[in-house]
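Data first, discussion second: the structure below is written as structure tokens.
What follows draws every value from the coordinates through simple rules; no lab data is involved. This structure is a prediction, so every number in the text was calculated from the model and none was measured. Here the Cβ is made from the backbone with ideal geometry for all residues, glycine too, and neighbour counts use every protein chain on show.
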Amino acid sequence: MNFVQLRAFHAVAQYGTFSAAAQALSVSQPAVTQHVRALEEAIGGRLFHRRGTGVELTADGNDLLPHVHQIIKGF
């Protein structure tokens with residue numbers, strides 16, 4: 001788990017899609033997807049339910065989000 005992965009997770013949660021998060025972070029959508037997948041592997045669970053029109057936080061994602069928000073806010 002690293003800051004780039006947490007930032008990608010936070011952006012997807014904030015913007016609702018991987019594409020919008022990528023645009024906001026000025027990186028490619030595959031990069032955001034890769035960072036979120038790596039974070040999911042690190043925690044051993046899914047953070048988002050992927051839908052055709054966007055994403056929805058899972059229970060694990062909802063638990064993690066406030067902690068990540070505090071970390072992001074500190075930078």
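Condition (residue is outside any helix (DSSP H, G or I) and surrounded by 13 or more Cβ atoms within 10 Å (Cβ to Cβ)) applied to segment 64-73: is it met by at least one residue? No, segment 64-73 contains no residue that is outside any helix (DSSP H, G or I) and surrounded by 13 or more Cβ atoms within 10 Å (Cβ to Cβ).
Taking the criterion of being under 19 Å from Asn62 (Cβ atoms) and in contact (Cβ under 8 Å) with a residue 24 or more places away in the chain, the residues of segment 9-34 that qualify are Phe9, His10, Val12, Ala13, Gly16, Thr17, Phe18. Among the residues making up segment 26-57, those that are surrounded by fewer than 19 Cβ atoms within 10 Å (Cβ to Cβ), in a helix (DSSP H, G or I) and aliphatic (A, V, I, L, M) are Ala31, Ala38, Ala42, Ile43. For segment 44-75, filtered to residues that are in contact with a His (Cβ under 7 Å, 6 or more places away or on another chain) and not acidic (Asp, Glu), the residue that is farthest from Ala13 (Cα to Cα) is Ile72.
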